[in-house]
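Notes follow once the structure below has been shown.
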Amino acid sequence: MIEKAFRPLFRRFSKLGNRVYFDKKDFPITKVLEDNYALIKSEFQKIQARVGDFAPFQTISPDQIYISNDDKWKMFFLKAGTIRFERNCQEFPETMKIIDAEKNLVSAYFSVIGPRKMLMPHEGPWCGVLRIHLGIQVPTDGEGCALVVNQEEYRWEEGKTVVFDDTYEHLAVNMTDHSRVVLFLDYMRPLPWPLSWMNRL
């Protein structure tokens, strides 16, 4: 795959180094997200009763059904590249103000992992973006709710962000009795020119 051919190049010349997890202090948007966590969560709670109607992952990306093949990983899209899901965005006016104000955010959606669910190990397709999660709803009934990237574990916290390179093999697990919800964002990897131009292209 041509996407994998870029990984060594982008990782080598990344302005913030080749890491699995990144220091969120290098991404000012993470503080904005955390400062506005209560607002974002309140907007999500208005549609929470409709989670059952959200699209399961494998209907969006059927070629990756090996990651999840049931209805326990669902998504509610706001933005994906140049595509905006306007009806969805209208339900998140304040959240979208935050997202639209940051030109380096190229995708945004809510990711819901249901109870007793594990996403199988996988790698993200494009090394030109870094992934940000903002914990919106994180179960506290037990310790079985975590993200593992390149064998390094992170436990989500409500109102807290994490930044990581999802092109390293990773998995997510929720072995609790409640759903886990994060705001899931893709951020353009900081790169020098002309790699930054190639990345956006």
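The values are calculated or read from the model by the stated rules, or taken from the named source; none is laboratory data. Note that this is a predicted model, so its numbers are computed, not measured. In this analysis, Cβ positions are derived from the backbone assuming ideal geometry, glycine residues included, and neighbour counts consider all displayed protein chains. What goes into the accessible areas is simple: the full protein's heavy atoms, side chains included, and nothing from ligands, DNA or RNA. Shrake-Rupley method; radii C 1.70, N 1.55, O 1.52, S 1.80 Å.
Things to note:
- For Val129, the requirement of being open to solvent by 10 Å² or more (accessible area, probe 1.4 Å) and over 21 Å from Trp156 (Cα atoms) is not met.
- Residue within segment 104-126 that is open to solvent by 50 Å² or more (accessible area, probe 1.4 Å), farther than 20 Å from Ala55 by Cα, of a type in the set (Asp, Glu) and more than 14 Å from the chain's Cα centre (by Cα) present: no
- Extreme residue, modelled with the highest pLDDT, among residues of segment 145-188 that are of a type in the set (Lys, Arg) and open to solvent by 30 Å² or more (accessible area, probe 1.4 Å): Lys160
- Those residues of segment 12-35 which are open to solvent by 40 Å² or more (accessible area, probe 1.4 Å) and either under 19 Å from Lys103 (Cα atoms) or assigned to a helix (DSSP H, G or I) (or both), in sequence order: Arg12, Phe13, Lys15, Lys24, Lys25, Asp26, Pro28, Lys31, Val32, Glu34, Asp35
- Where a residue in segment 45-61 is within 21 Å of Leu119 (Cβ to Cβ) and its partner, wherever it lies, is part of a helix (DSSP H, G or I) and not hydrophobic (A, V, I, L, M, F, W, C), with Cβ under 8 Å and at least six apart: Phe57/Gln64; Gln58/Gln64
- Considering segment 1-60, and only residues there that are of a type in the set (Val, Ile, Thr) and touching a Lys or Arg at 6+ places or on another chain (Cβ under 7 Å), the residue that is nearest to Gly124 (Cα to Cα) turns out to be Thr30.
- Of the listed requirements (1) part of a helix (DSSP H, G or I); (2) within 15 Å of Ile136 (Cα to Cα), Lys74 misses just one: (1).
This table checks each residue for (1) of a type outside the set (Val, Ile, Thr); (2) closer than 21 Å to Gln64 by Cα; (3) out of contact with any Leu (no Cβ under 6 Å at 6 or more places or on another chain).
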position	(1), (2), (3)
His122	yes, yes, yes
Gly135	yes, no, yes
Thr140	no, no, yes
Phe164	yes, yes, yes
Tyr168	yes, yes, yes
Asn174	yes, yes, yes
Met188	yes, no, yes
Pro194	yes, no, yes
Leu201	yes, no, yes
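- Matching strands (runs of 3 or more DSSP E) fully within segment 85-180 where at least 1 residues are in contact with a helix residue (DSSP H, G or I) (Cβ under 6 Å, 6 or more places away or on another chain) and not hydrophobic (A, V, I, L, M, F, W, C): 161-164
- Applying the set (1) open to solvent by 50 Å² or more (accessible area, probe 1.4 Å); (2) under 15 Å from Ile132 (Cα atoms); (3) assigned to a helix (DSSP H, G or I) to Ala38 leaves exactly one unmet item: (2).
Yes/no matrix, rows are residues, columns are (1) touching a Phe, Trp or Tyr at 6+ places or on another chain (Cβ under 6 Å); (2) hydroxyl-bearing (Ser, Thr, Tyr):
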| residue | (1), (2) |
| --- | --- |
| Ile47 | no, no |
| Ala55 | no, no |
| Ser68 | yes, yes |
| Asp71 | no, no |
| Lys74 | yes, no |
| Arg84 | no, no |
| Arg116 | no, no |
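- Count - residues of segment 9-59 that are under 15 Å from Phe77 (Cα atoms) and either at pLDDT 95 or above or more than 15 Å from the chain's Cα centre (by Cα) (or both): 14
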